1. Starting from the Cα of residue 141, draw a straight line to each of the lysines and keep only those under 26 Å, dropping any in the same chain fewer than 8 residues away.
2. Relative contact order for the stretch 1-155: what is it in percent, counting Cα pairs under 8 Å that are at least 6 residues apart?
3. Each residue of the stretch 13-22 in turn: what ³J(HN,Hα) in whole Hz from Karplus with 6.51, -1.76, 1.60 and θ = phi - 60°, glycine and Pro shown as x?
4. What size of dipole, in debye to the nearest 20, comes out for the chain about its Cα centre when the only charges are +1 on Lys and Arg C-beta atoms and -1 on Asp and Glu C-beta atoms?
5. In sequence order, what are the phi-derived ³J(HN,Hα) couplings for the stretch 119-125 according to the Karplus relation 6.51 cos²θ - 1.76 cosθ + 1.60 with θ = phi - 60°, rounded to whole Hz, with x for glycine and proline?
6. Where does each of 77-84, 164-171, 33-40, 97-104 land if you order them by average Cβ count within 10 Å, highest first?
7. Could you tell me which of rounded, prolate or oblate describes the stretch 103-152, using a ≥ b ≥ c as the square roots of the eigenvalues of the alpha-carbon gyration tensor, with rounded for a/c under 1.5 and, failing that, prolate when a/b is larger than b/c and oblate otherwise?
8. Using DSSP, restrict attention to beta bridges with both residues in the stretch 2-202 and report what percent are antiparallel, rounded to the nearest 5.
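Please treat every number below as a calculation from the coordinates, not as lab data. The shown structure was predicted, so the numbers you read here are calculated from the model rather than taken from an experiment. Cβ coordinates were reconstructed from backbone atoms using ideal geometry, including for glycine residues, and neighbour counts include every protein chain displayed.
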Amino acid sequence: MSNELLDLSPVMPVVVLDQVADAVPVARALLAGGIRVIELTLRTPVALAAIERVAAEVPEIVVGAGTVTTPEQAKQAADAGAKFLVTPGCTDSVLEAVVGTGLPFLPGAGTVSEAMRLAEQGLTALKFFPAEPSGGVPFLKAIAGPLPGLRFCPTGGITPETAPAYLALPSVGCVGGSWLTPKDALAAKDFERVTALAREAAALR
């Protein structure tokens, strides 16, 4: 199931919301641009409420919770209606809690050892984070030989300009991107701009 997350869209929007009221318009704007998935990060106090809103009011989009860093957050996100979970890294307790929710998830790995450890657990769909600081495209090319069974959603520092190089790799299913929902666009309630950016992102593959 987790592997299917990588096939929903060439770009998985990584969205930070400061206003709950923006959640539904942002989700609808992304959908209008052809993006079928949204990762709402648990970096702000309104994130769980935003997930609830999107899950209830925009069921056509697959809403997930990102930046899951504690066992408690995993349960809270599942209770809020998240359809998948994303972690920036993976401790034993977080992995156990995420697995316990029964939801598909993308566990974060930034090194070969972390990727190998997750592969030992039978996990083959991973988040590569932080992608650019951790070696980017050359890193993923280098580990494809020894770890051929893994697929990634690289996230962190990726731009519309660099995304195609990632997407060209056989081991990359999608990339995570925060550029689809710029802070200034959200502040101005410019959801048409979000749709335009989503349309460009959906055409990347």
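1. Excluding near neighbours in sequence, the set is 127.
2. 18
3. Result, rounded to whole Hz: x, 9, 10, 10, 10, 9, 10, 4, 4, 7.
4. That gives the chain a dipole magnitude of about 300 debye.
5. Result, rounded to whole Hz: 4, 4, 7, x, 9, 10, 10.
6. Peptide ranking by packing, descending: 33-40, 77-84, 97-104, 164-171.
7. Because a/c hits 1.5 or more and a/b fails to exceed b/c, the stretch 103-152 counts as oblate.
8. If we restrict to bridges inside the stretch 2-202, about 0 percent are antiparallel.
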